[in-house]
1. Could you list, in sequence order, all residues of the range B:536-559 that are facing chain A (nearest Cβ under 7 Å) and closer than 30 Å to A:Leu10 by Cα?
2. Give the number of residues within the range A:470-494 that are in a loop (DSSP other than H, G, I, E, B) and more than 16 Å from the ligand (Cβ to nearest atom).
3. Out of (1) under 33 Å from the mean Cα position of the chain (by Cα); (2) outside the structural domain of B:Ser244 (by TED's automatic domain parsing), what's the single condition that is false for B:Gln307?
4. Got a number for residues in the range B:104-138 being open to solvent by 40 Å² or more (accessible area, probe 1.4 Å) and either assigned to a strand (DSSP E or B) or away from chain A (no Cβ under 14 Å) (or both)?
5. Can you name the condition, by its number, that B:Lys382 falls short on among (1) modelled with pLDDT of 90 or more; (2) basic (Lys, Arg); (3) under 30 Å from A:Thr184 (Cβ atoms)?
6. Counting only residues that are in a loop (DSSP other than H, G, I, E, B), farther than 21 Å from B:Leu550 by Cβ and open to solvent by less than 30 Å² (accessible area, probe 1.4 Å), how many does the range B:411-441 have?
7. Restricting the search to the range B:379-400, which residues are closer than 17 Å to B:Ala238 by Cα and surrounded by fewer than 20 Cβ atoms within 10 Å (Cβ to Cβ)?
8. Scan (1) buried (at least 21 other Cβ atoms within 10 Å of the Cβ); (2) more than 22 Å from B:Glu206 (Cβ to Cβ) for the single condition B:Thr552 breaks and write down its number.
Amino acid sequence: MPRSSYTKSLLGPELYQKVRKTKILVVGAGGIGCELLKNLVLVGFANIEIIDLDTIDLSNLNRQFLFRKPDISKPKALVAAATARHFNPTSGIDIHARHGNVKDSVNDLEWIKGFGLVMNALDNMDARRHVNKLCQAANVPLIESGTAGYLGQVTPIIKDKTECFDCVVKPAPKSFPVCTIRSTPSEPIHCIVWGKTYLFGKLFGEDDEDMDTEELDKAKAGGENAEEIENLKKEAAAFREVRKNLGGEDGPQRVFHKVFNEDINRLLAMEDMWKKEGRVKPVPLEYEGIMNESFATPPLRQAAAQQPNVNGQAQTNGNGTEKKKGLKDQRELSLKENLELFIDSCKRLSARAIAYPDIPLSFDKDDADTLDFVLATANLRATAYGIANKTRFEVKEMAGNIIPAIATTNAIIAGLIVMQSLNILRQLPSLSSSSSSEASTSAGPAIRSVFLRTDPIKPLGHSIPAKADPECSVCRDVYIPLKVDLARCTLGTFVNDIVKTWLAEAEFEGREEDDEEVVEWTIFEGGRLLADPDFDDNFERTLEDLDVKRGKMLTARDEDGKYRPVHFSICEGDSQASIPYSLPSTPPLIPLLPAKPATREPSEEITILDSMPPATSTSVSEVTPISSNTAVGTKRSAPDDGDVKDATAEEEQTKKKRKVVVVDEDDDFEIL
Amino acid sequence: MPSSPPSGSDQERRPTKITKMDDSIDVTHATTGTAEIPSYRPDAKTRRYDRQLRLWASAGQRSLESARVLLVGCDATGCQALKNLVLPGISHFTILSPHLTTSQDVATNFFLHPDSVGSPIAEQSVKYLKELNPAVDGSPRVEELSSLLVSEPEFFTSFTLILASNIEPAFELQLADLLWDTSASVGGPDIPLIAIRNSGFIGRVEIQLREHSVVDTHPDTTHTLRLDEPFPSLEEHARSLDLSTMDSMEHSHIPWVVLLVRAASLWKESRGGKLPGTSEEKARFKKSIKEDMMKGDEENYEEALAQAYRVWSKSEVPWEIKQLLEDESVKNISSSSKNLQILLHTLSLFTSIAPHLPPTSPSLPDMHSSTTSYVHLQNLYKKEYQTDLARFKQLLSEVLGNIDLEDGTIPDEEVEGFVKNVGGVGIIKGTPLRASKEGKGLITEQIKEYQYDEYDGSTTCFAMHLALLASEQFFIAHKRWPGAKAQQDMSEDNREVEEILKGILGKKNLEEVDDIFVECIAEVTRGGFGTLPTTAAFLGGVVAQEAIKLVTNQYTPLDNTVIVNLVKSESAKFKF
Ligand SMILES: [Zn+2]
């Protein structure tokens, strides 16, 4: 019996046909993604691709209902698809699951063009913006969504009809002055940020001397205390020394002594620094004294300063009373316990660093070793500075910038996404070849942005999506798919044949028929300048040689800033064809830039949303995709939940080769 | 630390080769020996629930973990709602349904398998729902609701909460009556009923509860911070500042609370103790703050100007709470009163004594300030809170004594929570489902004032509700839903529903109803009272959300009728 006969009759044959035929991409198989996949399958969507780079963690199971405990550490996308298929085995539904990053080079413009509709079920800004840009470039409708606690929203994004994700400026991440973090913390959060972004990186992360120096020079130029900055530079050099010996038996103890005793003593020597109002001198910590409990804990500065909550949700913890009761991770540790935890977590992390020397470790709130380290570090530092300690539960929330997530909100939002997808499909041209596409787009209800609120009177709010911002540099620019054999196409060919010849045939907004104007173009790849009218040194080199990769863009910018930039999206080319590239048959229309230069060029920096809640699913890491369905396991979880590490010897090999660049996307604290 | 790490070189302790073993042992850890789980590490349960604990805290989680939920009617919407309750970890659920699974059920309900066809649907769905969370217990009850209502009413009253998903209208009312009557008896359990009705894109959730207390409504507007009536130490501190001798750094870091207290105090001093009242005075007050700014961009001053309205919003018990204090159950308490009623009674005594203000809250909002000034200010509030708390506890112990209850009957945790968050408590008095459906009182008034507005979704939602009510009456008369006979012309049924709706509207036979009602009837009957998967997903989320609010006593539940029109992604709430 046709399983969806009821849905079919309610949607009508035409819309149902679109539901069956339209190829859907779901980005993210987390909280929203699981709900969404289930809804899509039940409504009758029959051609679905789902991609997620994350693996399943115990803390997902309170809402990501396609996963069970034995699935922990397995790839989310694959398990989600398998469970969804299990419940609907005979319905002719094709779910293509991929364990990988949507930002991988294979996911290029041609790939995204293969979809009729894209649905984001992501939890981070970076991937959201990436998919937004891809969809704008390929002119594929996108439904953006997110939840935070009881709140959620669904936003359709359609090129030329609505604003895009980047039309709206997103709030900047919370930032702290570098000296507050490095020398003069006064709040628990300062100590946590220091442990997470500074000390952790220094000991276990990628050692980036240049970036460190640059950051400090920037701070100095920005008017921060010069002596302090010089001091910090010395400190950084000393770290390299300590790091070398980290694996030794007394390595962690030496780190402790350096960080919590020597460095603090050096800071204390700078008398001027402690004369400023509100500054409290730290007390150096002593290993032996703490271990034999003879060390006198420095007094707290005045009373415990309550940390203003991090993300607006923290009040509900009811901290005060809960610490005393029950939950293990809501108990405060003693100074000695913190020190032991510091030593132990250092040992654990350095063992991992030794085992996988090619994979720099990075902080991940669900990786128990890294969280232990940050917890112990932050509390030891807080103790030295007379700042109140925090519990593991609190540190996890503050360091991981955890957004509360529950099943109900995800269920509601995923229901709304599918409702909006039906509205969008109704307006798309019909897929059936017989009828003319004009006639078959039925009006139906308008496309809307929908908000879920805690308002007890009107739980749903909605709005007609705004028009695109004419200054937006993401959705107003020109995108052109360029299928190219990178090994054969030189930059010279690109500039001369494609930009100077093919693009010159384009229609330029506002240009008269007989206008002889010649536009001069500068060529960029990301932030790299490859060529300009006076710079042709690279012309003989192939694009491959210039490290231009599939999935990237070559951008042609008008020297005079009169016209919109044109982005050539690099897609896989034909290595057999005589000409190493192929282009659309007709050149585009190139619009004028608005009179005012766009000031909101979106930065490459990752920012975290406050106003629009990030969703709950995947965390982005730039991990080379692996196609096997075995676990990835660069994380290590706490030992008490029955985690399974499912890995074969073969995969061990893969692991060693892979290079993890960024693991946790929730890294949101920027140090100025 | 109770367990110290075993010795040995790091390399030995951390294996690099990991093999799969049974699914309950973490191999990585197993090799480190038999060390206990360190005390600072959360257990598996806490980690599973981590993301939700941050929303409703462990007090909410405890309530949830002792909740027993009954689902009557085993359809897609009901099972989606249960899914959202099993995942966060209720104690137990039962599904009551006499039916065998059909292939149509399998098509819409995710918690069935094609192999389920022919087996009791309650058994099948329990099986699949239980897979979601091993900590949750579930059992089927394969029986008719109607006979069980008669033969075993105590079955229903053994639950914390009951969901009724698309059950026959007459039985829905019988179930509601049973629960309402049970809660009427002294000490009887007050079991909320959430009734779901959906048809195609249209859905409705009705909640029946007799009396529900909310311990934390999580209100948007925080307390007044006593800017208008500062406690002595606060006023003293604000007045002691010498703005003229401060350097610009210090000046730009005075917390806005202090700036406002100071300005208000000075204002009152020069105007016979009165605060700004007229809009002219308010403008002048703000101007006086602006004049103190040293340069144009002092953020703390900007904040003070933005928050100035708080100076003329009076520090007092919030209006909603005042209403509660007037309630008989609060005025006249006894040893069988609920904790919240006793606390409110005590609050009433507390505010009857000068300065007639609610207890000071210890929490301060985030503000632009130096740490030192912030902490100092915070300490002032904390100290005042401690004083008020001690005074409240003193009164409470007298109150408890008067009703022959022991000191400590109400846990300290609860007392402190109440005193900290006086504005965030609530008591909701519900209506019987039968009364709200049968159009006694409020619904009639709503009809009188009704005016269709195409831009206001709530007017369509109200018309949808009437179409649903009329359809339910149709069902009671015909034992089937309008439009359910596939071959038959829908318009005949629709006309009959229209007639019933006319009756609800109080119109005479010859009068026409507005087009909007005809359209809503058509939309509702078009759905054939079947369940669309997206509607089920959406309603399942809404219902579970309400269930969690009810079980945890946090947030204000939707009292008592919500209509959702998913054609337009609109919703509206009514109290009938
Ligand atoms: Zn845009």
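1. The answer is B:Ala537, B:Phe538, B:Gly540, B:Gly541, B:Val542, B:Ala544, B:Gln545, B:Leu558.
2. We begin by selecting, within the range A:470-494, every residue in a loop (DSSP other than H, G, I, E, B); these are A:470-477, A:485-489.
Checking which are more than 16 Å from the ligand (Cβ to nearest atom) leaves us with A:485-489.
Matching residues across the range A:470-494 total 5.
3. The single condition B:Gln307 does not satisfy is (2).
4. The total comes to 2.
5. B:Lys382 satisfies all of (1) modelled with pLDDT of 90 or more; (2) basic (Lys, Arg); (3) under 30 Å from A:Thr184 (Cβ atoms) except (1).
6. The total comes to 1.
7. B:Asn379, B:Lys382, B:Lys383
8. (2)
The values are calculated or read from the model by the stated rules, or taken from the named source; none is laboratory data. Here the structure is a predicted model, which means the values were calculated and not measured. Using ideal geometry, Cβ is built from the backbone for each residue, glycine included, and neighbour counts are taken over all protein chains shown. Each accessible area value is taken on the protein alone, full model and side chains, heavy atoms only, with ligands, DNA and RNA left out. Shrake-Rupley method; radii C 1.70, N 1.55, O 1.52, S 1.80 Å.
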